[in-house]
Amino acid sequence: MQTTSTTPTNIHAKKKLSTQRRLVTVLGFVAIVFIWGSFPVAAKFGVEQTPPLFLSSMRFLLAFLIMLPIVFIQRTHLWITPKQHLQVFLISLFMVGLPSSIFFAAAPYAPIGVLTLMWSTTPLFTSLFNLGGVGEARGWKLLVSLLVGLLGIGTVLLGRLPFLPGSSGPASLTKSSNLAFYCEIAVLASSAIYGFGLRLAKRNNADMPIVVMTTWQMFYTGIFVGLLSFIFEHGYTLHPTWSSFGILLYLAVFCSCISFFLTFWLIRRIGAIRTSYSDFIIPGVTLLLSFLFLGENITLAKISGFVLVILACFIVQW
């Protein structure tokens, strides 16, 4: 009987392969952070020219049309069973359709920075929905990281109080309309919906190629959000411009096809909880981009909160 000995060369090759896999995973994580960090700013520009739900629907349907030739080029069968269609539909509904509809509908009426901060609570809900899952973060690291992340979010929100340097004071709260407040709470609720969607994706996509699942997800989400647009945005007038087409293309290619493909890919590599921790870093990227393109202020409280949530990500990955 022939046995394979473990030689120094084999050990070195395995270590090198492991390092390369980790590097690829880190690059994928960084890419999804920057893509999603730019998403709120692009959405804010887009809803100024196009009905929010209609823009979101067109984004997903265009992404579906883009994904179709990719599936055929890879010689992957797009056909899936009725049971798998139901699984993809439910994942699309909770992970994309409902959260995306809420975020786009809220974007015209509330500050994009506040909405993004509300959305950054996603890892908290995801960890609750995925407790006990195989390969997920758990134990003291998970608890400490959640507490630190929550402290970071609280630090940013408390930046409105007058005793913190660079805060805007309570007057800013009195100027906020009831509609803006409801929109912010709705986006907070949508982060919980998204966390449940990640749980569904973790449990139901193992037997389906990622590219196939992403393609069908774009289709179902586009149809669902399009139906909502038909119901709630009936009578809106469209004034398309080249910039609105450019934003739509960016949302479809980067914030739909690439981002959701990377999300499912990362879920399989590092788990749903660790994947969702990208949402802790995204507000920092959005904060910088909103400062550069939307003229929003960067306060000491916001920077401190951002540092804390990055620390939370480090703890859970360590």
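Here, each number is a calculation from the coordinates, and none is a lab measurement. Because the structure is predicted, anything quoted here is derived from the model rather than measured. FYI the Cβ positions are ideal-geometry reconstructions off the backbone, even for glycines, and counts take in every protein chain you see.
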task: Can you put 182, 220, 194 in order of Cβ neighbours within 10 angstrom, beginning with the fewest?
output: 182, 220, 194
task: Select from the range 45-94 those chymotrypsin sites (Phe, Trp or Tyr not before Pro) which occupy a DSSP coil region and have at most 14 other Cβ atoms within 10 Å, ordered by residue number.
output: 79
message: Need one number: convex hull volume per residue for the range 229-284, Cα atoms only, in Å³.
response: 136 Å³
statement: Around residue 261 (Cβ within 13 Å, Cβ-to-Cβ, excluding residue 261; K/R +1, D/E -1) the net charge comes to +2
- request: Go from 0 up to the bin containing the longest alpha carbon distance in the range 192-239, width 5 Å each, and give me the % of pairs per bin.
  value: 5, 16, 16, 22, 16, 10, 9, 5, 2
- request: Going by C-beta contacts inside 10 Å, put 70, 112, 210, 270 in order with the fewest on the left.
  value: 70, 210, 270, 112
query: Where the centre of each part is set by its Cα atoms, how far does the range 47-90 sit from the range 178-253, in angstrom?
result: 10 Å
